[in-house]
Amino acid sequence: MKKIFIISAILSIIFIAIFFFFPNSQILLSFSGIKFLAGEFYRLITFSFVHVNFLHLIENIIALSLITLLGYEFGLKGKKFILYFFLVSITIALASAFFVPVLVIAGASLGIYGILGALSIKGSNFIPKNILIPIFIISIFYKVILDLFSSQEITNLDQTLFHLSGFFTGLVFFILPRFKKKKHILLNKNG
Amino acid sequence: MVEKRVKTGILGLDKLLKGGLLPGRSILLSGPCGSGKSTLAIQFLHHGATKNNENGLYINLEEERSRIIENMQKMSLDLAPLEKKDKIKIIGGQIAGIDDYMYKIGADVYNIVNEIEEIVKQNNIKRVVIDSINLLTMLCRTEEERRKLLTRLTHKLSNLDCTSILISEVKENTTNLSRFGIEEFVVDGVIGLYLLRSGDRFIPGITVRKMRGSDHDRNIRLYKITSKGVEVYPNETLFTDI
């Protein structure tokens with residue numbers, strides 16, 4: 001079985017286990033700049049495993065499953081999958097600690113949208129970037145769009161902007177190493 | 001004032017081109033299999049390296065480097081000593097391997113264009129042959145990408161003052177000049193090789209279809225592939241049995 005599926009399954013099991021068997025998880029494991037700056041550094045990792053309600057948990061497990069399938073299709077390796085997940089979560093959490101320390105963050109969605117951002121470039125081998133990136137961005141705004149249609153009011157905007165920042169952080173993390181060194185294809189394959 | 005020309009080294013062809021190719025231009029060399037495209041293109045590089053002190057780059061996306069050298073040796077085109085003296089750089093490899101490798105390292109086809117540019121700069125190359133452009137453009141997913149690649153490649157080579165031959169493989173008995181039908185519009189010139197069937201033999205014919213900024217012969221002329229390479233007969237019009 002491919003590592004990406006195993007990693008995704010393990011993450012889902014941890015989400016479920018923490019939600020059902022760790023009732024104080026929101027207080028003890030979620031992230032806030034204040035707690036982090038007070039020395040509770042473990043929250044930088046643990047907040048991704050905490051979910052505030054059942055719907056939040058289900059949404060993120062479904063999103064994680066879809067992103068796993070997409071990652072598999074686009075050839076994303078398991079270790080990169082987990083790397084983007086934590087790298088993006090940690091980066092956004094650190095940024096929020098310095099800019100909005102009172103904000104409490106919980107959930108896996110930052111990491112999930114980070115992977116989506118990386119896939120928007122990785123997948124351009126299959127679907128052109130100018131199609132893939134707009135589709136992914138629209139998918140990030142689905143809650144805002146649904147709200148607009150159902151109640152003519154915009155809610156969930158702060159959450160959506162967080163997801164969007166996760167998406168772009170993942171995209172940047174994917175692109176950055178490409179600038180590091182020149183890629184030699186012809187010379188490396190010269191028979 | 002006498003206009004500077006890049007001699008191909010094929011006497012008859014230079015006559016058809018009214019003295020040779022214009023420097024810094026990209027030429028599409030189109031023809032079916034066995035028409036001598038690679039031989040003609042390598043003669044162009046060989047001539048540049050031996051007679052004009054112009055370094056050459058040959059990129060073959062189908063054959064291995066050693067095989068290319070071996071094949072050309074049989075045509076009296078000894079590339080190995082020229083390669084040793086850094087007068088000609090030969091790059092060979094199978095396209096399938098390149099495609100897989102690109103995917104593995106997350107590269108795209110524009111990385112190849114940048115790499116070609118880097119090789120040209122590093123080795124002070126003035127003549128480039130890409131064998132074939134069909135295989136290179138096959139790495140693109142869309143027609144838009146293909147056109148962009150060709151434009152980028154020809155512009156970069158032109159800016160580096162490189163005269164380039166892009167080889168285009170076409171099916172037999174076709175009037176098409178390229179596989180995707182866009183290559184001939186992007187380049188500055190087109191030379192067509194034909195194998196016209198006449199009874200139980202093929203008569204090889206060569207023509208200059210297009211040459212921006214230069215006058216040229218417009219007839220189909222006879223050529224032959226000999227043990228010394230391609231020979232063009234600029235005064236012999238091609239005829240078929242009537």
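We did not get these values from a lab; they are worked out from the coordinates using the rules stated. These numbers were taken from a predicted model, which means no experiment stands behind them. Neighbour counts are summed over all protein chains in view; Cβ atoms, including those assigned to glycine, are modelled from backbone coordinates with ideal geometry.
Of all the C-alpha pairs in the stretch B:1-119, what % are more than 21 Å from each other? Provide the component values of the computation, followed by the final result.
Values: 3228 of 7021 pairs.
Value for the stretch B:1-119: 46 percent of Cα pairs lie more than 21 Å apart.
Whole Å is fine, so just give me how far the alpha carbon centre of the stretch B:110-127 lies from that of the stretch A:93-120.
Each part reduced to its Cα centre gives a spacing of 42 Å.
For the stretch A:3-180, just list the percent of Cα-Cα distances falling in each 10 Å bin from zero outward, please.
Histogram of Cα-Cα distances, whole percents per bin: 10, 37, 37, 15, 1.
Going by how many other Cβ atoms sit within 10 Å of their own, how do A:160, B:137 line up, fewest first?
Sorted ascending by nearby Cβ count, the order is A:160, B:137.
Run the quick spin-label model on residue B:114 and residue A:2: label points 7 Å from Cα toward the beta carbon, then report their separation in nm to one decimal.
The modelled label-to-label distance comes out at 2.7 nm.
Using Cα positions and a limit of under 18 Å, work out the aspartates and glutamates in reach of residue B:228, with same-chain residues fewer than 8 apart set aside.
B:14, B:70, B:78
R0 = 22 Å: FRET efficiency of residue A:9 with residue B:104, Cβ-based, nearest 0.05? Working shown, then result.
Numbers: r = 26 Å, r/R0 = 1.18.
Computed FRET efficiency for residue A:9 and residue B:104 comes out at 0.25.
For the protein assembly as shown, just run the numbers: alpha carbon Rg, then divide by 2.2 N^0.38 Å, N being how many residues it has. Mind showing how you got there, number by number?
Details: Rg = 29.6 Å, N = 433, 2.2 N^0.38 = 22.1 Å.
Here the Cα radius of gyration is 1.34 times the empirical estimate.
Within chain A, what's the longest stretch lacking trypsin sites (Lys or Arg not before Pro) that sit in DSSP loops with no more than 11 other Cβ atoms inside 10 Å? Don't jump to the answer; show the numbers that get you there.
Values: sites that count: A:181, A:182.
After excluding every exposed loop site, the longest remaining stretch is A:1-180.
Against the empirical 2.2 N^0.38 Å scaling, what ratio does the C-alpha Rg of the stretch B:11-237 come to? Kindly include the intermediate steps, with their values, before the conclusion.
Values: Rg = 16.8 Å, N = 227, 2.2 N^0.38 = 17.3 Å.
Its radius of gyration relative to the 2.2 N^0.38 Å reference: 0.97.
If you build the convex hull over the alpha carbons only and average its shadow over all orientations, what do you get for the stretch A:1-76? Give it in nm² to one decimal. Display every interim value, and only then the final one.
Details: hull surface 23.1 nm².
Averaged projected area of the stretch A:1-76's Cα convex hull equals 5.8 nm².
So for the pair residue B:144, residue A:55, with labels modelled 7 Å out along Cα→Cβ, what separation do we get in nm?
Distance between label points: 3.8 nm.
Quote the relative contact order of chain B in percent (integer), defining contacts as alpha-carbon pairs under 8 Å separated by 6+ residues.
On the way: 470 pairs, mean separation 68.8, N = 242.
So the answer I get is 28 percent.
Measure nothing fancy, just the Cα-based angle from helix A:129-140's long axis to the longest principal axis of chain A, in degrees from 0 to 90, nearest 10.
10
For a quick check: sort A:142, A:84, B:194 by the number of other beta carbons within 10 angstrom, fewest at the front.
Values: A:142 12, A:84 29, B:194 22.
So the ranking, lowest neighbour count to highest, is A:142, B:194, A:84.
Setting aside same-chain residues fewer than 8 positions from residue A:77, which lysines have a Cα under 28 Å from its Cα?
Filter leaves A:2, A:3, A:122, A:129, A:180, A:181, A:182, A:183, A:189, B:104.
Estimate the FRET efficiency between residue A:37 and residue B:159 by the formula 1/(1 + (r/R0)^6), using the beta-carbon distance for r and 56 Å for R0, to the nearest 0.05. Don't skip to the answer; put the middle values down first.
Working: r = 53 Å, r/R0 = 0.95.
In this case the efficiency is close to 0.55.
How much length, in nm to one decimal, is gained on full extension between residue A:176 and residue A:146, taken as 0.36 nm per residue of separation minus their Cα-Cα distance? Walk me through the numbers on the way to the answer.
Details: separation 30, 0.36 × 30 = 10.80 nm, distance 3.38 nm.
Separation in residues times 0.36 nm, less the Cα-Cα distance, equals 7.4 nm.
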